[in-house]
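To keep things clear, I will list the structure first and then write my remarks on it.
What follows draws every value from the coordinates through simple rules; no lab data is involved. Here the structure is a predicted model, which is why all the values come from computation and not from measurement. Note that we place each Cβ from the backbone using ideal geometry, even for glycine, and neighbour counts take in every protein chain shown.
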Amino acid sequence: METIDNVELAYLSGDDYQALKTLMNQAYPGMQSLHWKKEEIETLIGMFPAGQVVLKVNNEIAGCALSVLQDYSITDKRHTYNDITGNDSFNTHKKEGELLYGIDIFISPKYRGLRLGRRLYDFRKELCEELNLRGIAFGARMPLYHQHADKLSPLQYLEKVRQKEIHDPVINFQFSNDFHVKKILRNYLEGDKESQDHAVLMEWNNVYYEKPSDSPGNRKRVIRIGIVQWQMRGYKDLNELMDQAEYFLDSISGYRSDFALFPEFFNAPLMAQYNDLSEAEAIRKLAEYTNDIVDRFSQLAVSYNINIITGSMPQFIDGKLRNVGYLCHRDGNRDYFEKIHVTPDEARVWGMEGGSKLQTYDTDCGRIGVLICYDVEFPELSRLLADDGMDILFVPFLTDTQNGYSRVRNTAQARAIENECYVVIAGSVGNLPKVSNMDIQYAQSMVFTPCDFAFPSNGIKAEATPNTEMILVVDVDIDLLRELNEFGAVRNLKDRRKDIYSLKRV
């Protein structure tokens, strides 16, 4: 084999045509329909120069990739090679198209087996990401199909290839480069006797694609989260409690954080003045503060330019005492969430009932979900949120003992792994000797990640000091989740056996 001293990618130019013609003769002997004329190549370069690239080995052209832009809808339509190329005129090229459609890609027989083709595919993927295109598609030949056409339909042949019963060098190469089958294209390339004129429409999805928005600015991909590990202490009134909350928000926003998370029942110290009442009566008195607290948080979210997850508070919803929290967006909007599963103690001591509201929330930093404390111990809830596109799960919690905390902590970490998302938990520390049923607290706030190469090997992005009042400011990268979804060592979301089990809302 010839010694390789240099390999480089370069944009195709008209001056390369003679070398390109030689390469086409080597790559496609006997297939004149795939031998491009000089004026055709020059037309293609003039229309879409960024999509035409050659691979040079020792300064000799050893490979080439040609492409045009198309509307994404083409993948749902029956089409032929001539439909894509406009009968070699390329007048079908869509300047504003959102799909990179591969016209051709070929490697000199002299350099096959060196994985050079992968470099051309990698270039296409990078171009796709750079131009913010939805993906790549092309009609892949089935060069060995003619050997099986008398016994197998194109679909049956493809299934045999997928099951490794037949080795097709082209289709197998596409599978190894993360392309998936969209459909069979009949009568795609006239004169392709080896494929019996058929092709497989292969597709690759750009996980970084962002749908164009009419609003200014792009959605953030690296999200900064501020976590408040709240100290339970006595406060003389609501103003003093909210002053402390604002102090933390001021600190967190100073780091230009996108979210602030408070713990479950962070406002419990206000029950101290009602300690002469029964626990059930005291929690109902606490519920009287909720509307005021939410209004103040909503104002703080705007003034500090931060999305606030308020933790949770008691509130009457349709006449029922529930454990609820609010997402106060920094644009002034607000959403609320409910605890679905109340603990036996919440039901027995306070007469609290579980809610039924379960949904994800769109924010300027992606789609998030919130589960309050005990709810994170039920995997079905977070899976439903993951199915709805959740990137970050926030879990405000309140636990009194270390074993109670361990239940929340361990199940929260499991949720990050199985749902391929970030999970952020925030709890309270300290003591409330003057509040019945809220005497002691134990917490260690944390941020969990999936366990794969792009993340910490132990799945812990950051952790607070146990039982110490503090804030934790952490960056999470949403693009890493997209890569994990498609290319992870394991893919918990994709690999579910929906043919034998399913999960649905009632």
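Results, tabulated for the structure shown:
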read-out	value
Dipole axis of the stretch 224-480 (+1 Lys, Arg; -1 Asp, Glu on Cβ), positive-most option in GLN441, TYR304, PRO314	GLN441
Highest average packing first - 135-144, 178-187, Cβ atoms within 10 Å	135-144, 178-187
Backbone HN-Hα couplings from phi across the stretch 166-172 [Karplus 6.51/-1.76/1.60, Hz, Gly and Pro as x]	10, 9, 10, x, 6, 5, 4
Cα-Cα pairs of the stretch 331-416 separated by more than 23 Å (percent)	24 percent
When the convex hull of its Cα atoms is projected in every direction, mean area for the stretch 7-205 (nm²)	10.4 nm²
Electrostatic dipole magnitude of the stretch 7-205 [Cβ: Lys, Arg +1; Asp, Glu -1; Cα centre; debye, to 20]	540 debye
For the stretch 224-480, Kirkwood radius (reciprocal of mean inverse C-alpha pair distance, Å)	18.0 Å
Spatially proximal lysines relative to LYS151 (Cα-Cα < 27 Å; intrachain offsets below 8 disregarded)	LYS160, LYS164, LYS182, LYS183, LYS193
Alpha carbon centroid spacing (whole Å) that separates the stretch 347-404 from the stretch 199-268	16 Å
Under 16 Å from the Cα of LYS285 - aspartates and glutamates, other chains or at least 8 residues apart	ASP237, ASP276, GLU346
Farthest toward positive dipole pole in the chain [+1 Lys/Arg, -1 Asp/Glu at C-beta], among THR399, TYR208, MET470	TYR208
The chain - Rg over Rh from alpha carbon coordinates, Kirkwood radius	1.12
P(r) histogram, all alpha-carbon pairs of the stretch 265-405 included - 10 Å bins from 0, percent	12, 40, 36, 12, 1
Extension gain from ALA10 to LYS37, taking 0.36 nm per residue of separation minus the Cα-Cα distance	7.7 nm
Electrostatic dipole magnitude of the stretch 395-506 [Cβ: Lys, Arg +1; Asp, Glu -1; Cα centre; debye, to 20]	560 debye
Lysine pairs in the stretch 1-138 with Cα atoms under 28 Å, if 8 or more residues apart or on separate chains	26
Dipole axis of the chain (+1 Lys, Arg; -1 Asp, Glu on Cβ), positive-most option in SER428, LEU20, CYS451	LEU20
Potential lengthening between ASN87 and SER502 on full extension [0.36 nm per residue; Cα-Cα distance subtracted]	144.7 nm
Size of electric dipole in the chain: Cβ of Lys, Arg +1 and of Asp, Glu -1, about Cα centre, debye, nearest 20	1120 debye
